[in-house]
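Inspection log for the structure reproduced underneath, given as structure tokens.
A short reminder: the numbers here are calculations on the coordinates, not readings from a lab. Model, not experiment: these values are computed from the prediction. Cβ sites come from the backbone with ideal geometry, for glycine too, and all protein chains shown count toward neighbours.
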Amino acid sequence: MRIRFRNGRVYDPANGREDATADIHVLDGRVVEAPGPGERIDEEHDLGGRIVMPGAIDIHSHIAGGKMNLARMLMSEEHHATIVPAEGACLCGSGIVTPSTHVTGCRYAEMGYTAAFEPAMLGSNARHAHLEMADIPIIDTGGYLVLGSDDLLLDLLARGERPETIRDYVGWMLTATQSMAIKTVNPGGINAFKYNARRLDLDEAGPRYGLTPRAILTALARAVHDLGLPHPLHVHGCNLGVPGNVATTLDTIGAAAGLPLHLTHVQFHSYDTEGDRRFSSGAARIAEAVNRTPTLSVDVGQIVFGQTVTASADTMTQRGTAPLAHPRKWAAMDIECDAGCGVVPFRYRDKSFVNALQWAIGLELFLLIEDPWRVFLTTDHPNGGPFTSYPELIRLLMDRDYRLARLAEIHPEASAHTTLGSIAREYTLAEIAIMTRAAPARSLGLRDRGHLGPGAAADVVVYDDLPDRRAMFERPRMVFKDGVLVARDGRTVTVTKGSTHVVRPGFDDAIGRVVARHFEERIGIKAKHFAISDDEIRGGDGPVRHGARGQG
Amino acid sequence: MTGFTLQPRAGVAGPVELLALAPGRLRGLGADAVRRIVVTVGGLPVPLGDAFDVAEGGDEDTLVLRTEGFRADGIGQGMAEGRIVVQGDAGDRLGARLRGGQVTVEGRAGSHAGAAMAGGIVEILGDAGDFLGAAMPAEPRGMTGGLISVRGSAGARAGERMRRGTIIVDGAAGEFCGAFMVAGTVAAGGACGAHAGYGMRRGTLLLGRAPAAAPEGFVDAGSHDWVFLSLLQRHVGEPSGWLGSRPLARARRLIGDMAEGGRGEILIPE
């Protein structure tokens, strides 16, 4: 099957193309060089100057796993109110902020997204998360394994084991859970919560193991680096949402000591304590630190006004915000003594000083961080808002007049406390293409995604060049996934199967004996049963394997 | 201006979801327009006319629905005015979130009848299922107003998390009747199951038949004369069921749930 896209204006930053009028040729789901004359073309699309980009990639979106199912159950009134009937190709389901698997896949594809990664997969929930990801149609997925409050890691660190041992343990766990990257959530904090700590600062020793979050974070960052994982340690730091946490975040950046780090939903970690209300923006300080630290990347976790639900492994923070739940219900639970989970529904209101300032802080971060290769477009779905608000967010970034109009509507004191009004920057289409396509692919080590050069997967999105960027990104004219037209004009037309991506680093599997003993003594199941085999992924299709850096 | 009668066509399979059919919405529509209203049959959207024969006739603002042979959920859900008469049994959520008007079912009703309703009347001539007048799934609040009157018996958790309004059950109520009630009145003429008034904060449970022992969390506060009972009888009006069948004045009072402050009460007329 050979497809030609003619007369498109191509935005393909990974291959240095910006608004380049070019043809794109696809053969059997892959982008290829232009064929010789006389080659038969099965399908031709004359794009008439429309904009072409690779499929977008969401680097941080909670789409599967135990906490999302818990959130779906807790928010079941949303599912009663938003039933999406099966229609045409779409089998669909329900939900907006906690969409069912089919709604997740269809909504992403309809917006031109062809991959989304679940950033908080708990080891003991990984099998479930993979089953759920396999049920998400069309888009590619993968999961980041949460480590940092798991007893074996903390035990190894407390006993002073060598970095090689830690590296091998991390490698074993990553492989056993079929993960794409390593994430740490409030390192040590979830464990400390079980010993009645309600707060744990970066340099505060945890009550059980006497380890500081800094020590855990540094050890994990080093292990991830030594394993050669493409994506750096994905960090949800300490003190999320606490005014004054900008200092903690800057210290966390310092703790990396030159190792690559990805700070996630950094908006929630950029709060200062100035002003009468002791709550102000630390965005400028964070942005400055990001700008001068080339080994650092961030995603923003922008908040969007309206009802959502926050779901996190960070039991400590979630227990703290539970009194603010709207509607007034919440759930927190321990996960197999190895991790945590908290689900708190929340409504962000533009007339609330704190929420309005959070909104402004997120936008300040987007606009003050100069390098679009190191800042990713996220709402930390669903924690800051549903992923379906990305088009609105893109418009806020690309359209200063629109931004100022929205700024005028929020809580007046909040607008007085932000520099957002004075920031003139408007994102260009090329920068949007970088932050939503090329950069996430590069950061995750997806060599054949996020670009349109020969060899790339034919994830092709065609947009009308509308002045209203929200409308433009909400309803792409056509979306192709692996060469198949999956959505047209914002409606799903074909439901395909996506793939699950994993990384397979090398490590010394002698660590397996240590892990096996731990499982035998403490967990109550055998390590070999904990480990997920390839034929459990995607209904037997198996994962798409990526090597470590330098492994090819 | 007339009402409408819906007669199911042969072969209607799967549960039918009738959320869209409130008489207030049908006002001013001709039969053809009513036939085009989309309802859900077996999970798929279908024009009403494909599943039902729609006939004009009967009282204004009244919808008569014959339900023999299939399950119809969400009848009168969210309705604000008008009258629905169900000839046959009703499925789940009969009159749930009702704000006004009256829904009458001549047979039985499924679960969540009158759940989270705020006003109006739900009348069930047969038995009611679980969660009668309770909260909708995942919601914190049960019914906040109106009247539910059941000639038969009710399932478990009648009046759970109820905040205001009145529920009358002529027969027996199931277990956890009036659990977590915040306010309002549940009057069960027959026996009630275990754990009546569990976690009750305020409100009144009126039981026509005394339980074998005070439910856990309740203590006996003696027999007294209650003006409230005659006021309640007058207030309820029709359809009052067992509550209107005899004069009520003296009753034994149990107070509880003591774990929640003991401001709720179970009244047992003598």
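Quick notes on this one:
- What the Cβ-Cβ distance of B:Leu44 and A:Ala284 gives, at R0 = 41 Å and to the nearest 0.05, is a FRET efficiency of 0.15.
- Cα Rg, Dmax, region A:352-404, angstrom units: 11.2, 32
- Proportion of all alpha-carbon pairs of region A:24-145 beyond 18 Å (%): 61 percent
- Gap separating the Cα centres of region A:520-539 and region B:138-158, nearest whole Å: 46 Å
- Chain A - share of DSSP beta bridges that are antiparallel (%, nearest 5): 55 percent
- Centroid-to-centroid separation of region B:192-220 and region B:1-72 [C-alpha atoms, Å]: 41 Å
- Expressed per residue, the C-alpha convex hull volume of region A:410-466 stands at 141 Å³.
- 10 °C / 1.306 mPa s Stokes-Einstein diffusion coefficient of the protein assembly as shown, Kirkwood radius on C-alpha pairs, µm²/s: 54 µm²/s
- When Rg and Dmax are taken over the Cα atoms of region B:188-234, they come to 11.7, 32 Å.
- Relative contact order of chain B, taken over Cα pairs closer than 8 Å and 6 or more residues apart, is 10 percent.
- Region A:108-217 shape via C-alpha gyration tensor axes, a/c threshold 1.5: prolate
- Close amide H contacts of A:Leu200 (hydrogens built in the peptide plane, cut-off under 5 Å, sequence separation of 5 or more or a different chain): A:Asn239.
- Distance between the modelled labels on A:Ala408 and B:Arg246, one decimal in nanometres: 7.2 nm (7 Å Cα→Cβ projection).
- The Cα center of region A:29-77 and the Cα center of region A:173-205 differ in position by 33 Å.
- Per-q log10 I(q)/I(0), region A:174-293, q = 0.14, 0.19 Å⁻¹ (Debye; single scatterer per alpha-carbon; no solvent): -0.61, -1.04
- Only Cα pairs under 8 Å and 6+ residues apart enter the sum, and on that basis the relative contact order of chain A stands at 20 percent.
- When +1 charges are put on Lys and Arg Cβ atoms and -1 charges on Asp and Glu Cβ atoms, the dipole computed for region B:74-269 relative to its Cα centre reaches about 460 debye.
- Length available on full extension from A:Asp535 to A:Glu33: 0.36 nm per residue minus the Cα-Cα distance, which gives 177.3 nm.
- Angstrom value of the Kirkwood radius, inverse mean 1/r, which spans all Cα pairs in region B:1-157: 15.1 Å
- Annotation: the antiparallel percentage among DSSP beta bridges lying fully within region B:74-269 is about 30.
- At q = 0.11, 0.14 Å⁻¹, base-10 log of I(q)/I(0) for region B:74-269 (Debye sum, equal scatterers on each alpha carbon): -0.41, -0.67
- Whole-number D in µm²/s for region A:28-96 (Stokes-Einstein; Kirkwood sum over Cα pairs; 10 °C, 1.306 mPa s): 93 µm²/s
- All lysines inside 22 Å of A:Lys329 as judged from Cα atoms, apart from same-chain residues fewer than 8 positions distant: A:Lys67, A:Lys194
- For region A:1-47, GluC sites (Glu not before Pro) are listed when DSSP marks them as loop and at most 12 other Cβ atoms sit within 10 Å of their Cβ; the list is A:Glu33, A:Glu39.
- Solvent-free Debye calculation, one equal scatterer per alpha-carbon of region B:1-61: log10 I(q)/I(0) at 0.25 Å⁻¹ equals -1.06.
- In sequence order, region A:351-363 has phi-based couplings of 8, 8, 4, 5, 4, 4, 5, 4, 4, 5, 5, x, 5 Hz under the Karplus curve 6.51 cos²θ - 1.76 cosθ + 1.60, θ = phi - 60°, and Gly or Pro positions carry x.
- Chain A, helix-only ellipticity at 222 nm - DSSP H runs n ≥ 4, -39,500 (n - 2.57), divided by all residues, nearest 500: -9000 deg cm²/dmol
- Kirkwood Rh, Cα atoms: Rg over Rh of region B:152-202: 0.93
- Within a Gaussian network of chain B (alpha carbon springs, distance under 10 Å), most fluctuating of B:Ala113, B:Ala214, B:Ala72: B:Ala214
- Remark: region A:435-447, residue by residue, has Karplus-estimated 3J(HN,Hα) of 6, 9, 10, 4, 5, x, 4, 5, 5, 8, x, 8, 6 Hz, where x stands for each Gly or Pro and the curve is 6.51 cos²θ - 1.76 cosθ + 1.60 at θ = phi - 60°.
- Each residue of region B:145-153 was assigned a 3J(HN,Hα) from its phi angle through the Karplus curve 6.51 cos²θ - 1.76 cosθ + 1.60 (θ = phi - 60°); the sequence is x, x, 10, 10, 10, 10, 7, x, 10 Hz, with glycine and proline shown as x.
- Residues whose amide H comes within less than 5 Å of that of A:Asp482, counting only those at least five positions distant or on another chain, are A:Ala458, A:Asp459, A:Val460 (H built at 1.01 Å from N in the peptide plane).
- Per residue, the convex hull spanned by the Cα atoms of region A:451-552 measures out at 180 cubic angstrom.
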